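What follows is one structure encoded as structure tokens, with my remarks underneath.
The values are calculated or read from the model by the stated rules, or taken from the named source; none is laboratory data. Keep in mind that what you see is a predicted model, and the values were worked out from it rather than measured. Cβ sites come from the backbone with ideal geometry, for glycine too, and all protein chains shown count toward neighbours. Surface accessibility is based on the protein's heavy atoms, side chains included, excluding ligands, DNA and RNA. Shrake-Rupley method; radii C 1.70, N 1.55, O 1.52, S 1.80 Å.
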Amino acid sequence: MKLKDIDKAVYRKHLNIIIVGFIASLLTLALVYGQALIMLFADSTQLLTTPANVTTGELVNEATGTESNFSYNFMGVLLALLTCVFALHRLRFSAFFSEVYYVWQVKQQQNLIYRKLKKIKVAAGADEVNVNALIILNFYYASLKQVYLLDDNTLTMSKLNTDINELNSQLENLNLTLSTDQFEPSMLADF
């Protein structure tokens, strides 16, 4: 995976539009699907209430065993969620989603590296330095910095900068020049 420059303003704008669109469509579709399921499958005698039934007390409430529409509404939410996820899955390669999808992929890669980070750091600091471990760390720190800056997550930036400086000094001591472009996900299999 190669790191690429992302325009923060475009990324944030597209991310916000995608989030709002997802939430709005999820709410709308959940209501539509839920109401459609209720209209199709619910007992029609429970749907119709007349003032006469209300005044005479003929309505049976949920406490006395009447079937609730909860299951239909729940199925409506599940169908809406599946529809929205399917739409996001289909649209992920579009130009509008490119920045957001790229950041999502970088975060997935960071998660894979984080799971093995302890072993990678040990291999990078050993007497016989593993160059692949250094390449992975270089990519990991650079990608973290990029994502932190895109998401305005500056709380741990000082720790990250310290880690980057330590790695750079280690690379200088070893007379190595590394690039994030050297990283390949297959390198993680060694750890």
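Which percent of the accessible heavy-atom area of the stretch 120-191 goes to carbon and sulfur, probe 1.4 angstrom? Its accessible area is 49 percent carbon and sulfur atoms. Shape analysis of the stretch 127-191 places it in the oblate category; the axes a ≥ b ≥ c from the Cα gyration tensor give an a/c of at least 1.5, with a/b not above b/c. Computed about its Cα centre, the charge dipole of the chain is approximately 340 debye, with only Lys, Arg, Asp and Glu carrying charge at their Cβ.
Let me make sure I get this right: for the stretch 65-121, a, b and c are the square roots of the gyration tensor eigenvalues over alpha carbons, sorted descending. Under 1.5 in a/c it's rounded, otherwise prolate if a/b > b/c, else oblate. Which is it? Here the stretch 65-121 falls in the oblate category. Name the shape class, rounded, prolate or oblate, that the alpha-carbon gyration tensor gives for the chain, where a ≥ b ≥ c are the square roots of its eigenvalues, rounded holds for a/c under 1.5, and otherwise prolate holds if a/b is larger than b/c and oblate otherwise. Here the chain falls in the prolate category. Computed 3J(HN,Hα) for the stretch 155-161, one whole-Hz value per residue from the Karplus formula 6.51 cos²θ - 1.76 cosθ + 1.60 where θ = phi - 60°, is 5, 9, 5, 5, 5, 5, 4, glycine and proline marked x. Summed over qualifying helices (DSSP H, 4 residues or more, each -39500 (n - 2.57)) and divided by its residue number, the chain shows a 222 nm mean residue ellipticity of -22500 deg cm²/dmol. Only Lys, Arg, Asp and Glu carry charge here, each on its Cβ (+1 for the first two, -1 for the last two); on that basis the stretch 70-135 has a dipole of about 140 debye about its Cα centre. The solvent-accessible area of MET75, taken with every protein chain present and a 1.4 Å probe, is close to 90 Å². What is the gain in length, in nm to one decimal, between LYS4 and THR177 on full extension, counting 0.36 nm per residue of separation less the C-alpha to C-alpha distance? Stretched out fully, the LYS4 to THR177 stretch lengthens by 60.4 nm. Heavy-atom accessible surface of the chain, averaged per residue, reaches 65 Å², computed with a 1.4 Å probe.
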